[in-house]
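Colleague: Below: one structure in structure tokens.
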Amino acid sequence: MTFQHGVFLELDEDPEARVFVDLLSYNPDGTTGSAGLPAVGEFVTGVVADLVDRDRQLRVRVGPPWRGSE
């Protein structure tokens with residue numbers, strides 16, 4: 001599901017979990033600028049950046065951390 005600020009992902013291991021990737025955290029190739037969003041059904045690999053256990057919500061970062069302009 002795509003929103004203006006990011007996308008929700010589905011986990012194979014736990015389809016009930018809510019997983020969100022915001023646009024600034026989606027940078028799979030490590031370049032600057034917009035990488036676009038993953039296509040429906042595309043597999044992505046990332047790291048958990050935040051967890052709210054009581055609500056089973058995960059915020060995931062895909063690619064290297066965003067560092068801003070250097």
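Colleague: How large is ³J(HN,Hα) for each residue in the range 46-54, as worked out from phi by the Karplus curve 6.51 cos²θ - 1.76 cosθ + 1.60 (θ = phi - 60°), to whole Hz, x for Gly and Pro?
Modeller: Result, ordered by residue: x, 10, 6, 9, 7, 9, 10, 4, 5 Hz.
Colleague: Would you mind counting up the charge near residue 55? Only other residues with Cβ under 15 Å from its Cβ, with Lys and Arg at +1 and Asp and Glu at -1.
Modeller: Taking every Cβ under 15 Å from that of residue 55, the sum is 0.
Colleague: Separation between the residue 40 and residue 55 pseudo-spin-labels, each 7 Å from Cα along Cα→Cβ, expressed in nm?
Modeller: 2.6 nm
Each value in this text was obtained by applying a stated rule to the coordinates, not by laboratory testing. No experiment lies behind these values; they were computed from the predicted model shown. Don't worry about glycine lacking a Cβ; one is built from the backbone with ideal geometry, like all the others, and counts go over all protein chains shown.
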